[in-house]
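To start, the structure under review is shown below, and the notes come after it.
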Amino acid sequence: MTSPAQRACGGCTLCCKVMAIEALAKPAGSWCGHCKPGGGCAIYAERPTECEDFACLWLASDLLDEGWKPSRSKLVVTTSDDGVEIRCDPGSPNAWRKQPYADDIRAWAVEGEHNDMTVLVIVGRRMILVTPEREFDLGIVGPDERIVREMEGTKVVGARLVRESA
Ligand code: SF4
Ligand code: SF4
């Protein structure tokens, strides 16, 4: 696959580990059973639409430099309606704390405070909301839970989980 930034996945398959694939009931943070060791999808022609449609931010744009290639950084960045999500390989759970990634993530949080954009680090099913001054470790977040931020002006001063059905 070739992206607008003229990038290609190459040997990277990290999204096949970190993303949940609903059509396959594959949880986030564990390898898809169809991912071949050494790269590639064993059911490429018949892979689910959500796989076919997926492109991480590194692949889809040139906003992230080469160092952010997921196979190298161990981090898969995507955007959501709320902001930026950084999915970290659970096999390297502290990859997001390494440089230059930690500084970039913090810079996005500073920008997010001005643009009402959340910066969320996801390690398996554990989620950490990153703000300019601190981190809110939300622990394991269930599929029926969402994050509610407590704000003072544009600053996040608290974060908690609520059940969608509540
Ligand atoms: S994480 Fe990005 S670069 Fe890696 S395989 Fe998936 S889409 Fe390609
Ligand atoms: S079906 Fe293929 S593309 Fe989709 S997660 Fe599994 S290995 Fe990756």
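Read-outs: derived from the displayed coordinates by stated rules, not from any lab. Everything quoted here is computed from the prediction, not taken from an experiment. Please note: Cβ atoms are built from the backbone with ideal geometry, for glycine as well, and neighbour counts cover all protein chains shown.
Assorted remarks:
- Based on DSSP H segments of at least four residues, each scored -39500 (n - 2.57), the chain has a per-residue ellipticity at 222 nm of -4500 deg cm²/dmol.
- With each label modelled as a point 7 angstrom along the Cα→C-beta vector, the Asp53-His114 pair spans 3.3 nm.
- With both residues required to sit in the chain, DSSP beta bridges show an antiparallel share near 80%.
- Amide H contacts of Leu138 (H built 1.01 Å from N, under 5 Å, at least 5 apart or other chain): Met127, Ile128, Leu129
- Inter-probe distance in nm under a simple model that places probes 7 Å from Cα toward Cβ, at Ala45 and Asp137: 4.8 nm
- Available extension along the chain between Leu161 and Ala25 is 46.6 nm, counting 0.36 nm per residue and deducting the alpha carbon span.
- Bridgeable aspartates and glutamates around Lys74 (alpha carbons under 12 Å apart, same-chain partners fewer than 8 residues away excluded): Asp89.
- The magnitude of the dipole of segment 15-163, with charges of +1 and -1 set on the Cβ of Lys/Arg and Asp/Glu and taken from the Cα centre, is near 720 debye.
- Around Ala55: net Lys/Arg minus Asp/Glu count, Cβ-Cβ under 15 Å: -1
- Note that segment 75-82 has calculated 3J(HN,Hα) couplings of 10, 10, 9, 9, 9, 10, 4, 8 Hz, one per residue in order, obtained from phi through the Karplus relation 6.51 cos²θ - 1.76 cosθ + 1.60 (θ = phi - 60°); glycine and proline are x.
- Principal axis box of segment 15-163, alpha-carbon based, largest edge first, Å: 49, 36, 25
- Within a straight-line Cα-Cα reach of under 21 Å, Lys69 can be paired with the following lysines, leaving aside sequence neighbours fewer than 8 residues apart in one chain: Lys17, Lys36, Lys98.
- For segment 148-156, backbone phi angles converted through the Karplus equation (6.51, -1.76, 1.60; θ = phi - 60°) give residue-by-residue couplings of 10, 8, 9, 10, 10, x, 9, 8, 7 Hz, Gly and Pro being listed as x.
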